[in-house]
Structures are given as C-alpha cells and as structure tokens.
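Chemist: Quick one: the structure is below, and I'll ask about it shortly.
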Amino acid sequence: MSKRILVVGLACVDIISVVQDYPVEDSDQRVLDYYWQRGGNAANTSCVLSLLGAGSEFLGTFASDREAEFLKEVFQKYNVITENCVANTDNVKTPTSIVITNSKNGSRTILHHGKNWPEIQPEHFKKLDLIQYKWIHFEGRPSCDYIKDMLLWIDEYNKTVDKDARIHTSLEIEKTTRIGLDALFDTADTIFVSKDYVKSRGYKTKEEGVQKLYAKCREGSELICPWGEEGAVAMGTDEILHSSPAFPPKLSQGQNMETLAAGDTFNAAFILSRSKGQSLRDALTFGCQVAGAKCGMKGIDGLDTFKS
C-alpha cells in the first residue's frame, strides 16, 4: 500500500480583487480582476503536495454552504482526499479571506473572517486508521490543546510499530499572537517557524532565530525557517545550520510577484522531499525552488512541472 501525507487544518475561500492602486478609505474604484480560489494553509499545502506527485489528504471541517461546495470541487480537481473531513451544519459559514492585491507592487492585504469556526477535535482524529499515513502535518491553528493531543496520539501509535512504519509529524508555527503555540515546539519531528514569528520573539535574523529556538525542540527533530527573498535555514540533529538561497522567478515586464500561498508551497515541497528520504539540505533547496517558481505564476497549477 502506498502511504499518503495527511495535512490537518483550515480550508477557506480567498476572494481576490486585483486593483490598480490600493484604495483610499471611503473611495470607489473598479478592480482589474476578481476571482475565488482555495485558501487556508493546510488546504494550500495539501493541493501542492498532490501536484508534486504525493498521495495527499486534507483533514478539516466543512460547512454546508456554497463556499464549502466550491472547496470540495477544488480538492477533487487536485485529487486531494477529503473523505475523513467533518461535515458541520451547526449554523457556521465557511471562513473567507478578502484579499486586495495591488497590481503595481504586488502587495496583498488580507481581511479574514472565521467566526466560531469549529476545529478538528482529537476524538475525531483518533478514529483514523493511522496505518494509511507516512507523514502528518499540522497547521498551527488556535486549538493548540487539540493539536498537542493529536500529536501525542501519533507518538503512542509510533511506539507500537516498526521503525520504518512510524509516522513522521510536522507542525507549522506561523502566527505571532496565537496563545499556546510556544508550548508545541517539542511535540513534532519537524517544526516550521515563520519569519514573523522569529522576529516577534526578538531575533533579527533567521540564523539567530533557528539557533536559539532549536533548543526548544525535542531530541532528534529539525527546525525550518523560510525567510522569503532571503531563502531559508534549518537545523537538524547535527545542530549545524543548513541554508538555501531564494530562487526568484523570471518575471515578464510589468509582472509582479504572486506570493499568496508561497509559504504553504515551500512547506509542501520540503515535506515531500524529506518523505522521500532526501537530505535536510536538499529538501530545503527544493522547497525554495518550488516556492520561488510559485511566486512567478497565478495560483499553483504550473507547479506540476516539479512532479517526480
């Protein structure tokens, strides 16, 4: 049986408006383009994994509205399994992000709505047949206690199987103000930590941040920090800093970077590479290469050129 990669977290709808200039408050202007696309870190990561050739599954919650049907169609398009998702009809709406993209400089302003959104609970997660998976990745959602419980459950499962059948776990720590994430550094095999998080903790560079924060990780783990146009760094069991430069795309005249979902793309490419047994340094480089290519295209559909 070919085992797949499970990604746990949020799927939302990004409603994107491309504007000539960022709007002045209380003004009226036409937009250059308008479209819906799949959003949410976990949803993006699972779709990129599938495009890159992995067997991919998304685990999250669906509402019962038009937006949820749109998301299900998108997952089906990308061959992402959603059979274990929770169908929720308790008067909640699919989370949405209003994204204003400035065509002149590529900046993006995001207004998110996810009021009272129910997160995946450990009781549901523990019904999964874990033998199906080789890697389980968690988006660092507000439900930190739930995430910790699910990661501990995987640890217990791993004690019951042979070494080569153990599930590798990873966790993304991105948001700077999400209470409880600080306590999760020692709960997964791979930790992705964001540039914003590192800077919010007082570290000035990705190298300093990774060197200091690695002490919070559990033995045998690895810590990854992507830093946009400056590439990425990582530290693993050898406690040596590994780095990769960024790979900026070749843009046509007048074209701007398209950075929406670039971080999720990096995570997906890194996870796929490591799940195939590639080295920490090679996975870091592959993540930067794929994320760089994504910044030169609208959406993610062109990333299948990296499929192996």
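Chemist: So, residue 22, is that one in a loop (DSSP other than H, G, I, E, B), at negative phi and either of a type in the set (Phe, Trp, Tyr) or surrounded by 21 or more Cβ atoms within 10 Å (Cβ to Cβ) (or both) or not? Working first, answer last.
Modeler: Numbers: in a loop (DSSP other than H, G, I, E, B): yes; at negative phi: yes; either of a type in the set (Phe, Trp, Tyr) or surrounded by 21 or more Cβ atoms within 10 Å (Cβ to Cβ) (or both): yes.
So residue 22 passes the test.
Chemist: Now for a separate question. Given 260, 223, which one is open to solvent by 10 Å² or more (accessible area, probe 1.4 Å), within 17 Å of the chain's Cα centre (by Cα) and of a type in the set (A, V, I, L, M, F, W, C)? Walk me through how you get there before you give the answer.
Modeler: Working: 223 fails: open to solvent by 10 Å² or more (accessible area, probe 1.4 Å).
After ruling out the rest, the residue left standing is 260.
Chemist: Still on this structure, I have one more. Would you be able to say whether some residue in the stretch 248-263 is in contact (Cβ under 8 Å) with a residue 12 or more places away in the chain, part of a helix (DSSP H, G or I) and more than 14 Å from residue 171 (Cα to Cα)?
Modeler: So in the stretch 248-263, the residues in contact (Cβ under 8 Å) with a residue 12 or more places away in the chain come out as 248-251, 255-263.
Still in the list and also part of a helix (DSSP H, G or I): 262-263.
Going one step further and asking which of them are more than 14 Å from residue 171 (Cα to Cα), we end up with 262.
Checked the stretch 248-263: at least one residue is in contact (Cβ under 8 Å) with a residue 12 or more places away in the chain, part of a helix (DSSP H, G or I) and more than 14 Å from residue 171 (Cα to Cα).
Chemist: Quick check: is even one residue across the stretch 65-81 among the polar types (S, T, N, Q), open to solvent by 40 Å² or more (accessible area, probe 1.4 Å), modelled with pLDDT of 95 or more and not in a helix (DSSP H, G or I)?
Modeler: Initially, the stretch 65-81 is screened for residues among the polar types (S, T, N, Q), giving 76, 79.
Pick out the ones that are also open to solvent by 40 Å² or more (accessible area, probe 1.4 Å) and you get 76, 79.
Checking which are modelled with pLDDT of 95 or more leaves us with 76, 79.
Next cut, not in a helix (DSSP H, G or I) only: 79.
Taking every residue of the stretch 65-81 in turn, at least one turns out to be among the polar types (S, T, N, Q), open to solvent by 40 Å² or more (accessible area, probe 1.4 Å), modelled with pLDDT of 95 or more and not in a helix (DSSP H, G or I).
Chemist: Please verify whether the stretch 190-203 includes one or more residues that are part of a loop (DSSP other than H, G, I, E, B), at pLDDT 95 or above and under 21 Å from residue 268 (Cβ atoms).
Modeler: Of the stretch 190-203, the ones part of a loop (DSSP other than H, G, I, E, B) are 194, 201-203.
Filter once more, so that each one left must be at pLDDT 95 or above: 194, 201-203.
Still in the running and under 21 Å from residue 268 (Cβ atoms): 194.
The answer is yes, given that some residue of the stretch 190-203 is part of a loop (DSSP other than H, G, I, E, B), at pLDDT 95 or above and under 21 Å from residue 268 (Cβ atoms).
Chemist: Still on this structure, please answer the following. So, in the stretch 128-187, of the ones that are among the small types (Gly, Ala, Ser) and within 20 Å of residue 56 (Cβ to Cβ), which residue ends up surrounded by the most Cβ atoms within 10 Å (Cβ to Cβ)? Outline the logic, then answer.
Modeler: We begin by selecting, within the stretch 128-187, every residue among the small types (Gly, Ala, Ser); these are 140, 143, 165, 170, 180, 183.
Next, from what is left, pick out any that are within 20 Å of residue 56 (Cβ to Cβ): 140, 165, 170.
Working: 140: 23, 165: 13, 170: 25.
Per the criteria, the residue is 170.
Chemist: Let me ask something additional. Quick one: which strands (runs of 3 or more DSSP E) lie wholly within the stretch 95-155 and hold at least 1 residues that are in contact (Cβ under 8 Å) with a residue 24 or more places away in the chain, among the charged types (D, E, K, R) and closer than 27 Å to residue 19 by Cα? Don't jump to the end; show me each part of the working.
Modeler: Numbers: elements: 96-102, 108-113, 133-139.
The strands (runs of 3 or more DSSP E) meeting that bar are 108-113.
Chemist: Name the one entry in 13, 7 that is touching a residue at least 12 places away in the same chain (Cβ under 8 Å) and either part of a helix (DSSP H, G or I) or under 15 Å from residue 85 (Cα atoms) (or both). Outline the logic, then answer.
Modeler: Details: 13 fails: either part of a helix (DSSP H, G or I) or under 15 Å from residue 85 (Cα atoms) (or both).
Sole residue among the options that is touching a residue at least 12 places away in the same chain (Cβ under 8 Å) and either part of a helix (DSSP H, G or I) or under 15 Å from residue 85 (Cα atoms) (or both): 7.
The values are calculated or read from the model by the stated rules, or taken from the named source; none is laboratory data. Just so you know, these numbers come straight off a predicted model, no measurement behind them. All Cβ positions, glycine included, derive from the backbone under ideal geometry; neighbour counts span all protein chains shown. Remember, those area values only see protein heavy atoms, side chains included, never the ligands or the DNA or RNA. Shrake-Rupley method; radii C 1.70, N 1.55, O 1.52, S 1.80 Å.
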